[in-house]
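Read through the structure below, which is laid out as structure tokens, and then see the notes.
The values are calculated or read from the model by the stated rules, or taken from the named source; none is laboratory data. In this text the structure is predicted, and so the values were computed from the model without any measurement. Quick reminder, even Gly has a Cβ in these numbers, built from the backbone with ideal geometry, and neighbours come from all protein chains shown. The accessibility values were calculated without ligands, DNA or RNA, using every heavy atom of the protein model including side chains. Shrake-Rupley method; radii C 1.70, N 1.55, O 1.52, S 1.80 Å.
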Amino acid sequence: MPQLDLSCLRLSPRHLGMLLALLEQHVPEAEVWAYGSRVVGGAQECSDLDLILRNRADLKQDVEGWFDLVDALQASTLPILVDVHLWFRFPQRFHRNIEAAYVVVYPLTRHQLMHRLAQASERIRAVHAGKLGFDQGELSASGNRVG
């Protein structure tokens, strides 16, 4: 069961942060996997993000809060469509395909979290060194839109 790196999802740190915050708020007990074209390749910038929610306590049960998550994602400012499915309700014939190539999006492992923090630190150093600006709608350290 390969578990690829989050970078293959091609989400900006800001958008990944938004997604993680929504997952934490609405489905904190779930294990969330990304699958599909953003994981295996071939995705365009506007391609949707396919997520499957798994109940960590019992894979044969729904994930509490998933309806609220779907509503929150639709109301969010994420620039892509996020399709959310439940592992338990997803056709069994697709489980093997998903297990062949997926990324654990939530909860983050310690390694993934440390990797994200290192990336953010690198970006901050580059901004302070004048090598990188906030010219593409990035957020400042205070969370305010710059530019």
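Loosely packed, with under 15 Cβ neighbours inside 10 Å, under 22 Å from residue 115 (Cβ atoms) and within 14 Å of the chain's Cα centre (by Cα): is that true of residue 5 in this structure? It is true that residue 5 is loosely packed, with under 15 Cβ neighbours inside 10 Å, under 22 Å from residue 115 (Cβ atoms) and within 14 Å of the chain's Cα centre (by Cα). Residue selection: residue 10 fails the criterion of being basic (Lys, Arg), open to solvent by less than 50 Å² (accessible area, probe 1.4 Å) and closer than 28 Å to residue 122 by Cα. Within the range 45-68, the residues that satisfy the criterion of being touching a strand residue (DSSP E or B) at 6+ places or on another chain (Cβ under 6 Å) and under 16 Å from residue 26 (Cβ atoms) are 49, 51, 52, 53, 54, 56, 62, 63, 66.
Among the residues of the range 32-46, those identified as of a type outside the set (Phe, Trp, Tyr), open to solvent by less than 50 Å² (accessible area, probe 1.4 Å) and either touching a residue at least 24 places away in the same chain (Cβ under 8 Å) or at positive phi (or both) are 32, 34, 36, 38, 39, 41, 43. Do the conditions hold for residue 49, that is, is it at pLDDT 90 or above and either of a type outside the set (Phe, Trp, Tyr) or open to solvent by 20 Å² or more (accessible area, probe 1.4 Å) (or both)? Yes: the conditions hold for residue 49.
Looking at 125, 145, can you tell me which residue is of a type in the set (Lys, Arg), open to solvent by 50 Å² or more (accessible area, probe 1.4 Å) and at pLDDT below 70?
On the way: 125 fails: at pLDDT below 70.
From the options 125, 145, the qualifying one is 145.
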